[in-house]
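Take a look at the structure set out below.
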Amino acid sequence: MRTAQVLFAQDKSTTSLLLIAAVAVLSWLWLPAGMHGLEKVALALSTGVMAWVTNAALVYRSGYLKSQHVLGWFFALSGLMLVTDAWTWSSLLGALAATFWMARAYQLTMFTWHHCTMLGMLSALFVLVDPSTLILLPLALLAPLTVRGAGFRQVAQVAIAWLVMAVILWMIATLWSLCSGRTLVMDPLRGMAWTWSVPGPQAGLVLLLGFFALIQLPPAMRFAKRAKRRGLVLSIMAITGMVLMACSGIGNHHMVMGMLAVALAPQWVNVQSYIRKPWMKTAFSPSIVIAMLLLKWLF
């Protein structure tokens, strides 16, 4: 156990490099063989860096994951299981959006106009990237309600900030079209197709594993600190919304899976935290790797 504590110490820069390298190698192994060598290396390294960014942002903002890099590790594994073959640029972009969104949502405990405004504006900006990120808007409106003492005022601040940013973006698009003579498409609903398809067997099995992670929620909601309880509630909200988004067929499937990987990571960390037997706790992370390999082999 002492070795594990040293390996996953938050203040060790070597551990950060180890996380990036391990995720990059694992991602590189599953990338298509026909991909150009330079792009393959760049995508694998970007996946490793994204795992570190997700870990650093959520650990720093949440206030309860104080000394672990396993959040970034579980995030990377969840993504590798969810996407069809390996991480893609779209899934990385979705993960980046979800990471920024969740990190900002953690800060709502301060109840300041600034944090509610930033959450609303970020949710509006992400819609420009892909319609998949539209799910972040209703989640942003519900996020203040996870804080004790929040009410309609905080929800209204998020909504107003979203509308203001949307108007600003529309004005910029209009001025651009007038000055350049070209029409800049600013349709956040582009690409929407309400198919209500069931996720594939691979994503379905991952979600089934995620369902078993909910078994550890009752002890966490009862005994954990308030910051951790808020983080888990935000995670459950995000998982629910993103699963509905994946079933609806809206936007980019890979981007939705990237966002879902971010939302699943705190649940895996919570499961590991409440495993009492040391050998089971040590075997938990390798078992996720084995499950990922089986999913890749079967599907």
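The values are calculated or read from the model by the stated rules, or taken from the named source; none is laboratory data. Worth saying up front: this structure is predicted, and the values here are computed from it rather than measured. All Cβ positions, glycine included, derive from the backbone under ideal geometry; neighbour counts span all protein chains shown.
Key figures for this structure:
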item: Ser248 vs. criteria small (Gly, Ala, Ser), at pLDDT 75 or above, out of contact with any helix residue (DSSP H, G or I) (no Cβ under 7 Å at 6 or more places or on another chain) and more than 30 Å from Met165 (Cα to Cα); result: no
item: Residue selected from the range 1-52 under the condition modelled with pLDDT under 90 and hydroxyl-bearing (Ser, Thr, Tyr), by the criterion surrounded by the most Cβ atoms within 10 Å (Cβ to Cβ); result: Ser27
item: Long-range neighbours under 8 Å by Cβ, at least six apart or interchain, first residue within 15 Å of Leu71 (Cα to Cα) within the range 9-28, second at pLDDT below 80 and part of a helix (DSSP H, G or I); result: Thr15/Leu7; Leu18/Leu7
item: Counted residues, the range 252-299 - those being among the aromatic types (Phe, Trp, Tyr) and touching a Phe, Trp or Tyr at 6+ places or on another chain (Cβ under 6 Å); result: 1
item: Test for Ala238: is it modelled with pLDDT under 80 and small (Gly, Ala, Ser); result: no
item: Of the criteria (1) surrounded by fewer than 18 Cβ atoms within 10 Å (Cβ to Cβ); (2) out of contact with any Phe, Trp or Tyr (no Cβ under 6 Å at 6 or more places or on another chain); (3) modelled with pLDDT under 80, which one Leu184 fails; result: (2)
item: Every residue from the range 236-259 that is more than 17 Å from Leu141 (Cβ to Cβ) and among the hydroxyl-bearing types (Ser, Thr, Tyr); result: Ser248
item: Selection count where residues are modelled with pLDDT under 80 and within 16 Å of the chain's Cα centre (by Cα), scope the range 254-290; result: 0
item: Close pairs from the range 122-146: first within 15 Å of Ala161 (Cβ to Cβ) and at pLDDT 80 or above, partner outside any helix (DSSP H, G or I) and of a type outside the set (Val, Ile, Thr), Cβ under 6 Å, at least 6 apart; result: Pro144/Ala150
